[in-house]
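The values are calculated or read from the model by the stated rules, or taken from the named source; none is laboratory data. Everything quoted here is computed from the prediction, not taken from an experiment. Ideal geometry is used to build each Cβ from the backbone, glycine not excepted, and the neighbour counts take in all protein chains shown. Keep in mind that these areas ignore ligands, DNA and RNA; they rest on the heavy atoms of the full protein, side chains included. Shrake-Rupley method; radii C 1.70, N 1.55, O 1.52, S 1.80 Å.
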Amino acid sequence: MVEKKFLKAIKDFSLINKNDSILVGFSGGVDSTVLTFLLLKFQNTLGISKLGLAHLNHSLRGEESDRDEEFSRDFAARHNLPFFSSKVDIKKIAEKDGLSVEEAARKVRYEFLNRIAGKEGFNKIATGHHLSDLVETMLLWFVQGNRRGIKGFKPSEKNIIRPLYYITKTQIEQYARENDISHVVDTTNLSTDIPRNMLRHQVIPVLKRLNPSLEDSMLVESFLLQMDDDFLEKEAEAFSQKFPKNFIKLSEIEGLPDALKYRVLINWMYRNTGIYPSYRKVLTALRFLNKEGEKRLDLGGGYILVKSYDFIFINKEEKKKNFEYKIRPGEEIYLEELGIILKCYTVTRNEIGMEKLKEEKKVACFDIGEENPEFTVRSRREGDRFLPFGHKSEKKLKDVLIQLKVPRYMRDTIPLVEFRNKILWIAGYKRSGHYPVTEKTEKMICFEIKEV
């Protein structure tokens, strides 16, 4: 049965082609030894040109880890197979990289296997993952609420192949006994303090009483979930390419089904931050899209998601930078915190066109009536008030910025031009009603923003 399922998986998923050279990720445990035994037995039938074993000593179990490495070396020698090994301190690597021991082990192991494969000319890497592993993986990710992992792993991914995909752990162990295949036992696999082991020894036996065909049922489930997810991911990736920058106009994703929309958001967030957001955060972001006003979400890694009016943005979370400069007519200053230049100059009414005066987002002019006055250019402060042009009374600056639909995260980065404790201009947005230019104005003082 084991051999038939082994050959069936290879045929169904085209795992091995003629003249493939295969490097086996070899731990010395029953899974990798049975896998190697099968590959050797059918090497000529499958047309495998070269087989090799690669063993990574994780240094997690002291003498037992060294014993496994020595067994693996002897196993390779008995079967005349090239052997490659490396010893690393996984605990130290996990601490350094801020990963769990299991995550660090997986990352380092695949880096090691790919490095050896590339250096020694193996075009495929075979691992001993089997059907029982698939069930454990799907259940583990389900319990942890990870949608990406619920579908389990595929029989092949890039250069990784899993020829034991159809075979259960029980069948592998029975095959090893029947064929007298020696192997080592990792004693930590018996500890139920490890979540995967708890599933294996305590949870899955109960589930199999409910469904004796649990492995076969979940194999079918995995196939269907893979199909659905592959299609939706492909669609989402294609659609998310429309948003290469750090903002999205909400109308552009308004008609998307939620199943596609949240995937688009995940792809977009990852491209802009390098972080895969948790599904809880993705659902929170989805809810933001339908709410009024401005909303903020901490994505981690110093990034924030901001929903503001008709847009969503991703920005680096930065501490507020207060700034204050002085400027007189004939001068220009570089606002280092904002990366812009503000120019101040005196002109007559005939020297500047009325059209330019209307461009209050770049230029604002005032009838000050003083020679060489000094102005302050600063960031906003608590309690600031502003007199909108044409109004008789001042309003809270905060309310004016809300009316202008200025996102909250940008409000502390807008320079305010002030004269005698009166805000003349919200630079780049709106001029005030103080010191207005009239038909009687002959000479005016103007401020202009210049991009660097």
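Numbers at a glance
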read-out	value
Candidates LYS321, LYS295, LYS307, LYS343, filtered to the one that is among the basic types (Lys, Arg), more than 20 Å from LYS405 (Cβ to Cβ) and either modelled with pLDDT of 80 or more or open to solvent by less than 30 Å² (accessible area, probe 1.4 Å) (or both)	LYS343
Enumeration of residues in the range 324-340 that are in contact (Cβ under 8 Å) with a residue 60 or more places away in the chain, under 21 Å from ARG420 (Cα atoms) and open to solvent by 40 Å² or more (accessible area, probe 1.4 Å)	GLU332
Top-ranked residue in the range 279-292 [being without any contact (Cβ under 8 Å) to a residue 12 or more places away in the chain and assigned to a loop (DSSP other than H, G, I, E, B); ranked as surrounded by the most Cβ atoms within 10 Å (Cβ to Cβ)]	ASN290
Scope the range 376-407; condition open to solvent by 20 Å² or more (accessible area, probe 1.4 Å) and β-branched (Val, Ile, Thr); matching residues	ILE402
Filtered residues of the range 430-452 (kept if more than 23 Å from GLU337 (Cβ to Cβ), in a loop (DSSP other than H, G, I, E, B) and either of a type outside the set (A, V, I, L, M, F, W, C) or open to solvent by 60 Å² or more (accessible area, probe 1.4 Å) (or both))	GLY433, HIS434, TYR435, PRO436, THR438, GLU439, LYS440, THR441, GLU442
Odd one out for LYS208, checked against (1) in contact with a Leu (Cβ under 6 Å, 6 or more places away or on another chain); (2) within 25 Å of GLU103 (Cα to Cα)	(2)
Whichever residue in the range 237-262 is open to solvent by less than 20 Å² (accessible area, probe 1.4 Å) and free of Cβ contacts under 8 Å to residues at least 40 places away in the same chain and, among such residues, is nearest to the chain's Cα centre (by Cα)	SER240
Qualifying residue in the range 408-418 (condition: over 20 Å from PHE323 (Cβ atoms) and either open to solvent by 10 Å² or more (accessible area, probe 1.4 Å) or touching an Asp or Glu at 6+ places or on another chain (Cβ under 9 Å) (or both))	no
Subset of the range 128-153 [part of a helix (DSSP H, G or I), of a type outside the set (Asp, Glu) and open to solvent by less than 40 Å² (accessible area, probe 1.4 Å)]	LEU131, SER132, LEU134, VAL135, THR137, MET138, LEU139, LEU140, GLY149
Among (1) touching a Phe, Trp or Tyr at 6+ places or on another chain (Cβ under 7 Å); (2) farther than 23 Å from LEU40 by Cβ, the one test that ARG73 misses	(2)
Extreme residue, nearest to the chain's Cα centre (by Cα), among residues of the range 420-429 that are surrounded by 19 or more Cβ atoms within 10 Å (Cβ to Cβ) and within 13 Å of LEU387 (Cβ to Cβ)	ILE426
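Each row is one residue, and each column tells you yes or no for (1) among the aromatic types (Phe, Trp, Tyr); (2) open to solvent by 30 Å² or more (accessible area, probe 1.4 Å); (3) at negative phi; (4) in contact with a strand residue (DSSP E or B) (Cβ under 8 Å, 6 or more places away or on another chain).
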{"position": "LYS158", "(1), (2), (3), (4)": "no, yes, no, no"}
{"position": "ARG162", "(1), (2), (3), (4)": "no, no, yes, yes"}
{"position": "GLN174", "(1), (2), (3), (4)": "no, yes, yes, no"}
{"position": "HIS183", "(1), (2), (3), (4)": "no, yes, yes, no"}
{"position": "LEU190", "(1), (2), (3), (4)": "no, yes, yes, no"}
{"position": "LEU199", "(1), (2), (3), (4)": "no, no, yes, no"}
